[in-house]
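What follows draws every value from the coordinates through simple rules; no lab data is involved. Computed from a prediction, not measured in an experiment: that's the story for all the values here. Backbone-built Cβ (ideal geometry, glycine too); neighbour counts: all protein chains shown.
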Amino acid sequence: MGLEEITRRVAAAEAAAGRAAGSVQLIAVSKVQPAERVEAVLRAGHRLFGENYVQEAQGKWPAWRAGFPGVAVHMIGPLQSNKAKIAVELFEAIHTLDRPSLATKLAHLAQARGASPELFIQVNTGSEPQKAGVLPEGVDAFVAEARGMDLPVVGLMCIPPEGEDPAPHFAALAAMAARNGLTGLSMGMSSDFEAAIAAGATHVRVGSAIFGARDYGPRAG
Ligand SMILES: *Cc1c(COP(=O)(O)O)cnc(C)c1O
């Protein structure tokens with residue numbers, strides 16, 4: 001696979017869905033990947049990346065931003081409130097706004113800075129107990145609450161349950177976004193980004209299909 005093939009498949013999926021070329025943003029998920037793999041993708045001209053861990057991103061991206069103008073990095077992992085201040089300075093977008101206390105924190109930071117990353121609200125479309133995200137029945141109220149804090153909510157994000165057909169989850173997320181007047185849809189990963197594009201994804205988050213398998217090393221056990 002690799003960047004070139006995934007870029008080509010994104011374009012093919014856009015065309016197959018009757019969507020405009022370039023309407024889907026490919027987020028290259030670079031968490032835990034060796035520097036040389038990320039640098040190869042940067043040298044190939046790709047500029048949009050996703051990270052899961054604030055500290056890891058903080059260590060890697062300042063130097064790459066300096067070396068490769070135009071880089072944007074999106075936070076796609078769970079965000080602890082005590083890392084929110086660093087996160088708003090580090091990322092162009094945060095895809096994992098999932099609770100009122102984090103919204104309040106981000107609103108205070110936005111007021112202090114006069115700027116905020118774009119925000120996606122994460123929805124737990126499968127209502128899985130162990131998974132982050134607002135439950136489907138709470139989405140409309142939470143979107144309104146975040147908007148009431150003047151936060152720049154641009155869309156919804158989901159991670160469908162493992163081992164299930166993701167398509168109904170993508171369709172459900174698209175319906176929730178539409179009824180709330182939100183145009184951003186962050187959905188689809190290495191194994192299912194084409195189905196997500198068919199369902200209206202505007203941002204697909206693809207890691208291993210671009211960079212190869214992640215090696216978490218001894219930490220993963
Ligand atoms: C790691 C991760 C991805 C990328 O997963 P791949 O299967 O490697 O494409 C996408 N989204 C989120 C939220 C992730 O944590």
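Once backbone amide H atoms are built at 1.01 Å from N, residue 32 has no partners under 5 Å, excluding neighbours fewer than 5 places away on the same chain.
Going from the fewest other Cβ atoms within 10 Å to the most, the residues 96, 7 appear in the order 7, 96.
The count of lysine pairs in the chain with alpha-carbon distances below 21 Å, taking only pairs 8 or more places apart or on different chains, stands at 9.
The ellipsoid equivalent to the alpha-carbon distribution of the chain has semi-axes of 25, 23, 17 angstrom, derived from the gyration tensor eigenvalues as √(5λ) and listed largest first. Ranked by the mean number of other Cβ atoms within 10 Å per residue, highest first, peptides 154-160, 198-204, 55-61 order as 154-160, 198-204, 55-61.
Sorting 132-143, 8-19 by average packing, meaning the other beta carbons within 10 Å per residue, from highest down gives 132-143, 8-19. Normalising the average separation of contacting C-alpha pairs (under 8 angstrom, six or more residues apart) by the number of residues puts the relative contact order of the chain at 22 percent.
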